[in-house]
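Please read the structure below before turning to the comments.
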Amino acid sequence: MWGGRFGDGPGAIMQEINASIDFDKRLYREDIRGSKAHAKMLAAQNIITEADRDAILTGLDQVEKEIEAGQMTFDPALEDIHMHVESRLREIAGAAGARLHTGRSRNDQVATDFRLWTRDASDRMIAAYDALLSVILNQAERYADTVMPGFTHLQTAQPVTLGHHLMAYYEMFARDRSRLQDCRARMNECPLGAAALAGTSFPLDRDMTARELGFDRPMANSLDAVSARDFAMELLSAMSIAAVHLSRLADEIVLWATAPFKFITLSDAFSTGSSIMPQKRNPDAAELVRAKVGRIVGAQNGLMIVMKGLPLAYSKDMQEDKEPVFKAVDDFALCLAAMTGMLEDLRPNATAMAAAAGGGFSTATDLADWLVRVLKMPFRDAHHVTGTIVKIAEDRGVDLSDLSLEDMQGVHEAITADIFTVLSVDASVASRTCFGGTAPDNVRKAVHAARKAHK
């Protein structure tokens, strides 16, 4: 491919470090798609003949079939997928195949292939999020009335419902989906026609090529077109944030499935056993989702470090852009599928959840709110009175509702028997009717609004 400039081929070490075919061969569909668009444009601009165009298109179809059938032998001497496709095309189409590279470089070619691949990957992830969000809405609606403890600092704080808890993740995941959509919109510009870095003297119709490939427009600057990889960094950034959210839910699933919690049961489909302890049911799918975040965030950091010191335009360093993105996308797609399956599979232990929801004096805030609402007590004073009552219950080893009215009146004489109407878990949950609160009717309204918004 180097023409007459080099008399000898590269050494073995140079060939090994230089070749990318082991990982970029998965770009073959994008490479062939881009080459077809380029050939059609060249013919439309009378840069090549229609006969050459037809021979190129027919040859590219054959190359694609051969690759999909496993009939192509990948040779590190040809370095990358672009040269493998072109080399085989020339064998099939002869001189016509040799004209395909007119007006383009591997620099704008790979930039186009990579954008096509990341765009398609974004579309697949957005679709996977649709499935995940649908499952969350179904489960949130099903368990809108199922009480559980809400935590801060992993200490029992106030009662909530499982439906409300799941809807919190719905909001996080909906934002994650939105970030992927934003990223997809920004990356949808076409580098093809920028050539090596300066554009080309051939009268290319870059708008035609962009339309043919489903891009919104051609990239406006040829230097930027071949050197930009922020679209891949942004995708990794969006996936990193999303992976953190998946990891947080995965961690809760791990906790909830433990014997001390006993909040949920996962079926055999998402559990494993122990080679030595026959009683064990391990939530390994959740644990692995939790672990994958390290790989995805690592891929983001790795690509940013590759790009941080590169002058314009293209440098060979940028060959290191694709492998971490490919792996991160694969890992993230698996995490989405696993989380969707686990949530659909998840069955709560309502009795254990309800018992835990009433522990830890979780309705203490309801007591304080009653003092403010009924006795018109300043909240800070109500907080102090409530804390004193909690201390009495704690010393006696009982719940707040187990104290007598006289016990409470010993702290503040104006307290009446009406206080016991707010000390139950169900009453606490039902009272949280402010927008965004945990009341079951709120949860159902939130589910309905979410379904309506995403129709």
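The values are calculated or read from the model by the stated rules, or taken from the named source; none is laboratory data. For clarity, every value in this text was computed on a predicted model and none was experimentally measured. Note that each Cβ is placed from the backbone with ideal geometry, even for glycine, and that neighbours are counted across all protein chains shown. Ligands, DNA and RNA are stripped out before the accessible areas are found, and what is left, the full protein with its side chains, is counted by its heavy atoms. Shrake-Rupley method; radii C 1.70, N 1.55, O 1.52, S 1.80 Å.
For the reader, a short list of remarks on this structure follows.
- Pairwise centroid distance, computed over Cα atoms, of the stretch 263-333 with the stretch 128-156, Å: 24
- Charge dipole (Cα centre; +1 on Lys/Arg Cβ, -1 on Asp/Glu Cβ; no other charges) of the stretch 120-277 amounts to roughly 240 debye.
- Unit charges at the beta carbon, dipole of the stretch 339-455: most positive-side option, His412, Val425, Ala393: Val425
- Accessible area (Å², 1.4 Å probe, nearest 10) - Asp54: 80
- Solvent-accessible area per residue, Å², over the chain with all protein chains present [probe radius 1.4 Å]: 48
- The alpha carbon centroids of the stretch 216-254 and the stretch 369-412 are separated by 51 Å.
- Point-to-point label distance, Asn18-Ser134, nm (Cα→Cβ direction, 7 Å offset): 5.0
- The residue among Phe332, Val372, Ser274 whose Cα reaches farthest toward the positive pole of the charge dipole of the stretch 262-389, with charges on the beta-carbon of Lys, Arg, Asp and Glu, is Val372.
- Binning the C-alpha pair distances of the chain at 20 Å intervals from 0 yields a P(r) profile of 20, 38, 25, 13, 3, 0 %, listed from the shortest bin outward.
- Of the peptides 237-246, 218-227, the order by per-residue mean of other Cβ atoms within 10 Å, starting with the highest, comes out as 237-246, 218-227.
- Under conditions of 37 °C and 0.692 mPa s, the stretch 322-407 yields 194 µm² s⁻¹ as its translational diffusion coefficient, taking Rh as the Kirkwood radius over Cα pairs in the Stokes-Einstein equation.
- Remark: the Gln45-Asp230 segment gains 63.5 nm on full extension, using 0.36 nm per residue and subtracting the alpha carbon distance.
- Segment Arg124-Leu334, extension gain: residue separation times 0.36 nm, minus the distance between their alpha carbons: 74.4 nm
- Averaging the sequence gap over all C-alpha pairs within less than 8 Å and six or more residues apart, then dividing by the number of residues, gives the chain a relative contact order of 17 percent.
- Only lysines eight or more places from Lys376 in sequence, or on another chain, were considered; those with a Cα closer than 24 Å are Lys391.
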